[in-house]
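*Asks:* Quick one: the structure is below, and I'll ask about it shortly.
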Amino acid sequence: MITKFKKHILFFCFVLLVASCSVNKNFTVSKINSESSSKENGIMFNRSQPSGFKTGADNFENYLPLLKDKKVGVVSNQTGVLTNKTHLVDFLVANTITIQKIFAPEHGFRGTADAGELIVDGKDTKTGLPIISLYGANKKPKHEQLEGIDILVFDIQDVGARFYTYLSSLHYVMEACAENNIPLLVLDRPNPNGFIIDGPILEKEFTSFVGMHPVPVLYGMTIGEYAQMINGENWLHSSKDSGQALQCNLIVIPCVQYDRNASYTILEKPSPNLPNDQSINLYASLCFFEGTNVSSGRGTDKQFQIYGSPFLPNTGFSFTPEPNIGAKEPMHKGILCYGEDLSTVEPVHQIELKWLIKAYKTTQDTSQFFIPFFSKLAGTKTLQLQIEAGLSERKIKKSWKPGLEQFKEIRKKYLLY
């Protein structure tokens, strides 16, 4: 009979094996074949995560030994918590881990800033630790900001959408670690949309902070799996020599007993305008409105669960955006908007274009509907052209299929579960 102590030793060895392999794009890991996703089966599994499930942060017996006697930097925000709601920074301090600095992504360390709002450096009020903003002009940790750090820990909850900027922060952190020979420890977390692979593949000319890699809008991978793909596909490049591919010394602490087809409710809202499971589920579909003259609900209490504008017909539902936390200057502030309430619709299993197409067809002036940001969100100019040409949702999604099939083959190499 294997003792509990022996089990821990065996699992720790497995983690070290994954870490050593993750620097090579041809590494192999043990995984469950999840290609028969919920979307492809036409159903959504509503069961909860299995008994014994842990996030990477809760899998602390396998990363605390790697941080002992090290000078540590932490990349995190309000989502970096253990199941008991203890923040990772507080947990590490309580376990006598020496933290040098905290690095915070968009929305700040406590997650209260608007989308796109300038975040300044500061101090954590609880621990007194210095906080370095990784947003605005300083999206990538500088050499001097990493001096004195032996290892960097990344623990941020993602929502599985390409244009959610925490992925871009991960890319820049990995690149900085590679350039400065600092190992990166990623504490894996579930993807709440982990059963969906859908959307157009990003084209290189539309690379931006809301889309840095040639992946679909919904890619069906955890943050740890995605980090391995960044490394394995050679997407990191030296800022001194753009032609030189880099490899990050990457260690992924996996979730335990994770089922990507089971539901997962995030412990803390990942940003001010994604307040609940419904908004996170609809985010990939409704975020396209951010590239139009239609509000996606910022400035209300149903962000990414409603849409509307003053230019749509009155069909019985209306709202008026007003300043609130996370939206100091919402689109159409103080103006009555007509649209649709989706806050009670059944969870979607794919990207839904029907609301976007409906809004385009019924707006007062279609020539004013799209703004240039739309193509950055879509990762291509094609989607706008298809909608303007009157293509059906079915025909548009059929055009995505070849790219999605190619991506699924790439994705297979990096799945951990």
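*Asks:* If the chain between LYS68 and THR125 were fully stretched, how many nm would it gain, using 0.36 nm times the residue separation less the Cα-Cα distance? It would help to have the intermediate numbers written out before the result.
*Replies:* Working: separation 57, 0.36 × 57 = 20.52 nm, distance 2.44 nm.
Length gained, LYS68 through THR125: 18.1 nm.
*Asks:* Next question. So who's got an amide H within less than 5 Å of the one on ALA245, skipping anything under 5 residues away but keeping other chains? H placed 1.01 Å off N, in plane.
*Replies:* Here the answer is none, since no amide H 5 or more places off falls under 5 Å of that of ALA245.
*Asks:* Let me check something: with ligands and nucleic acids excluded, how do ILE410, ILE131 order by accessible area (1.4 Å probe), largest to smallest?
*Replies:* ILE410, ILE131
*Asks:* In addition: Using the Cα gyration tensor of the range 61-104, with a ≥ b ≥ c the square roots of its eigenvalues, what is the shape: rounded (a/c below 1.5), prolate (a/b larger than b/c) or oblate (neither)? Can you show the working numbers first?
*Replies:* Numbers: a/c = 1.96, a/b = 1.22, b/c = 1.61.
Oblate, because a/c is 1.5 or more while a/b does not exceed b/c.
*Asks:* Once the Cβ-Cβ distance between ASP301 and LYS204 is put in as r, and R0 is 45 Å, what FRET efficiency do you end up with, to the nearest 0.05? Numbers along the way, then the final one.
*Replies:* Details: r = 39 Å, r/R0 = 0.86.
The computed FRET efficiency comes out at 0.70.
*Asks:* Can you give the Rg to Rh ratio for the range 327-385, taking only C-alpha atoms and Rh from Kirkwood?
*Replies:* Numbers: Rg = 13.6 Å, Rh = 14.0 Å.
Radius of gyration relative to Kirkwood radius: 0.98.
*Asks:* Which whole-number percent is the relative contact order of the range 313-417 (Cα, under 8 Å, 6+ apart)? If you can, show how the numbers build up before the last one.
*Replies:* Details: 57 pairs, mean separation 17.9, N = 105.
With pairs under 8 Å counted, the relative contact order is 17 percent.
*Asks:* Ignoring any ligand, DNA or RNA, what whole percent of the accessible area of the range 145-249 comes from carbon and sulfur when the probe is 1.4 angstrom? Before the final figure, lay out each step's value.
*Replies:* Working: 1150 of 2640 Å².
Roughly 44 percent, rounded to a whole number.
*Asks:* I would also like to ask the following. How much length is gained if the chain between SER367 and LYS381 is pulled fully straight, taking 0.36 nm per residue apart and subtracting their Cα-Cα distance, in nm to one decimal? Spell out each step's value before the answer.
*Replies:* Numbers: separation 14, 0.36 × 14 = 5.04 nm, distance 1.53 nm.
That works out to 3.5 nm of additional length.
*Asks:* For LEU342, enumerate residues with amide H under 5 Å from its amide H, sequence gap 5+ or separate chain, H modeled in the peptide plane.
*Replies:* ILE306, TYR307
*Asks:* For the range 138-229, count all C-alpha to C-alpha pairs, find those more than 16 Å apart, and express that count as a whole percent of the total. Intermediate results must be reported in sequence, preceding the final value.
*Replies:* Values: 2290 of 4186 pairs.
The proportion of pairs with Cα distances above 16 Å equals 55 percent.
*Asks:* Need one word for the range 282-417: rounded, prolate or oblate. Basis is the Cα gyration tensor (sqrt eigenvalues a ≥ b ≥ c); a/c below 1.5 gives rounded, then a/b vs b/c decides. Numbers along the way, then the final one.
*Replies:* Numbers: a/c = 2.04, a/b = 1.52, b/c = 1.35.
Prolate is the answer for the range 282-417, as a/c is 1.5 or above and a/b outweighs b/c.
The values are calculated or read from the model by the stated rules, or taken from the named source; none is laboratory data. Keep in mind it's a predicted model, so treat the numbers as computed, not measured. FYI the Cβ positions are ideal-geometry reconstructions off the backbone, even for glycines, and counts take in every protein chain you see. Ligands, DNA and RNA are excluded from the accessible area calculation, which covers all protein heavy atoms including side chains. Shrake-Rupley method; radii C 1.70, N 1.55, O 1.52, S 1.80 Å.
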